[in-house]
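The values are calculated or read from the model by the stated rules, or taken from the named source; none is laboratory data. What you see is a predicted model; the values in this text were computed from it and never measured. Here the Cβ is made from the backbone with ideal geometry for all residues, glycine too, and neighbour counts use every protein chain on show.
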Amino acid sequence: MAGRPPKPTVLKIVTGNPGKRAISKQEPDPDYLDDLSPPPRLPENAKIFWNELAPKLRKARLLTELDVAALEKLCIAEMHYWEVTNRVGSDLVVSGKNGDYTNPLLNQQSMYLKQIMMLYREFGKTPAARVRIAINPQGDLFDNQDSKTQKYFG
């Protein structure tokens, strides 16, 4: 989809809805993930990353039940990235029958790094991404909009 990503409803409310567009009452409000244990289907080496990331994302209120699959992909990409990085070591150039060439594992390493960075941005794990993220508090945003305004503006 081209264009800017949609602005979360809570951010529209906080900013006073400057575009005066209708505020969606159908925005999903998934429950936060309570069970932070790694999914059984996750490879053992990827569970290391899950155990590191899941509690931090949950504490930051960025991990819901709908985010499990994306976090799984992030953990698997991290696992593959470090496996390839360890295999590359300091062998950036390898020799073949036609001479020296760049280690082909560097292409895999780059691919995994791109996947990781894309998913980091989705979870707000980069400084620039954190600026763009708005936490959607649990509960009905539309019950009492005056109290929502008070929450942010005192």
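Annotation note: Cβ proximity below 6 Å between a residue of segment 25-41 that is over 17 Å from LYS59 (Cβ atoms) and a residue that is modelled with pLDDT under 75 (sequence gap 6+ or interchain) occurs for LYS25/PHE142; GLU27/THR9.
For segment 71-93, check the following and say yes or no: at least one residue is closer than 25 Å to PRO40 by Cα, of a type in the set (Gly, Ala, Ser), modelled with pLDDT under 85 and within 13 Å of the chain's Cα centre (by Cα).
Residues of segment 71-93 closer than 25 Å to PRO40 by Cα: 71-84.
Then keep just the ones that are of a type in the set (Gly, Ala, Ser); that gives 77.
Subset that is modelled with pLDDT under 85: none.
The answer is no; no qualifying residue exists.
Restricted to segment 61-92, and to residues there that are surrounded by fewer than 11 Cβ atoms within 10 Å (Cβ to Cβ) and of a type in the set (A, V, I, L, M), the residue that is farthest from MET118 (Cα to Cα) is LEU92. Would you say THR15 is crowded, with 18+ Cβ neighbours inside 10 Å, over 17 Å from MET118 (Cα atoms) and at pLDDT below 80? In short, no.
Taking the criterion of being at pLDDT 80 or above and exposed (fewer than 15 other Cβ atoms within 10 Å of the Cβ), the residues of segment 114-128 that qualify are LYS114, MET117, MET118.
Of all residues in segment 18-60 being of a type in the set (A, V, I, L, M, F, W, C) and part of a loop (DSSP other than H, G, I, E, B), which is modelled with the highest pLDDT? Per the criteria, the residue is LEU42. In segment 19-60, the residue that is surrounded by the most Cβ atoms within 10 Å (Cβ to Cβ) out of those that are in contact with a strand residue (DSSP E or B) (Cβ under 7 Å, 6 or more places away or on another chain) and more than 24 Å from GLN115 (Cβ to Cβ) is TYR32.
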